[in-house]
Amino acid sequence: MSEPITPDAQIIRKRRSTAWYFLLLALASLMWSGQGTAVKLLDEHLGPVAITFLPFYATTLLAIPLLIRMRRKRPTATAPSSRDWIRFIIAGVVGQVLAQLGMTWGISRSLASNGAILNLMIPVITAVLASFMLRERISLLRVGALVIGLFGVGLMSIGDLKQASFFQSQFLVGNLLILVGCFGSSFYTVFCKGLLGRFEEIEILIYSYITASLASIPLLIWVEPVHWRNFLTLGLQGWLAFAFLALLMYGASMLLFFAALAHLDVTTASISLYLVPVFGVILAITILGERLHLAEIIGSAIVLVATLLIVKYDHQSSQA
């Protein structure tokens, strides 16, 4: 007979599993931190709608055979009902389309510094939506970690804050679009968490991507028609950026995020988003040769402290 698991052993096991899921979230954040660089490499060749959705379509088309193969291996898997498809439409349109298009189009009509600052609202919006939509408990630890993380990223973003222009009329529409994108991203995370009880992570991802792809096609037809000759000018860097967005940004990173989200509360998982600018700074240093400033060092350390607080103590908060 196996020996009963003691409470201390359960706590250690819970802590280790939480650390593992945060490692998955950190890997996803590392991939997300490269989005800006990839978009910049494609910006001179394609418009914002094309940059947003063409890699998205590629991810969806590559993932559909994987979904078919997976469902053949699991013939008893839940088949989406008409009500489920309505949920996937909501996740795809209100979530993915608003998130991706709002961010890309908003930054194109505003400043990159405005986008960097407004993106800090995503974990906060996610926590608020999770408390209403999922009835997640907003503990003092989680609020504290959100505030600490926000402060740390704020220190890293001093340069962006100095350049930011939130209320100038020429940037107002772009800033509002960025906020719409932030809401879409938060809504997608919270809404899909509610679907994890019935469907596997990859199923939710692909079904919502299918509905988002179909809903976005009119934008490429009427708003920003694609000139296919532009692809001839991409070059190696452009194609690598396109592949990065399709395979890692929209593909692998989202699977890692959902794999962790299945085992963590949304509020807890959303704190990992503060790691995105940390990795962005690291990539800027290693790839672009930029210098690391003292504020960025301190800010990165504060963000890591907030993350470690959640990894170490959130299991106690969730049990309280």
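Every number in this text was worked out from the coordinates using simple rules, so none of it is lab data. On a predicted model such as this, the values are computed, not experimentally measured, just so you know. Cβ placement follows ideal geometry from the backbone for every residue including glycine, while neighbour counts extend to all protein chains displayed.
Calculate the FRET efficiency for residue 131 and residue 305 from the Cβ-Cβ distance with a Förster distance of 25 Å, rounded to the nearest 0.05.
Values: r = 24 Å, r/R0 = 0.95.
In this case the efficiency is close to 0.60.
Using label points projected 7 Å from each Cα along Cα→Cβ, tell me how many nm separate residue 223 and residue 61, to one decimal.
2.1 nm
With labels modelled as points extended 7 Å from the Cα through the Cβ direction, what inter-label distance (nm, one decimal) is found for residue 23 paired with residue 255?
Label at residue 23, label at residue 255, 1.8 nm between them.
For every other residue with a beta carbon closer than 15 angstrom to the beta carbon of residue 198, add +1 if it is Lys or Arg and -1 if Asp or Glu, then tell me the sum.
Its environment carries a net charge of +1.
Take residue 294 and residue 81, extend 7 Å from each Cα along the Cα→Cβ direction, and tell me the distance between the two endpoints in nm.
6.2 nm
If each residue's Cβ is checked for other Cβ atoms within 10 Å, how do 250, 57, 21 rank with the fewest at the top?
Exposure proxy ranking, most exposed first: 57, 21, 250.
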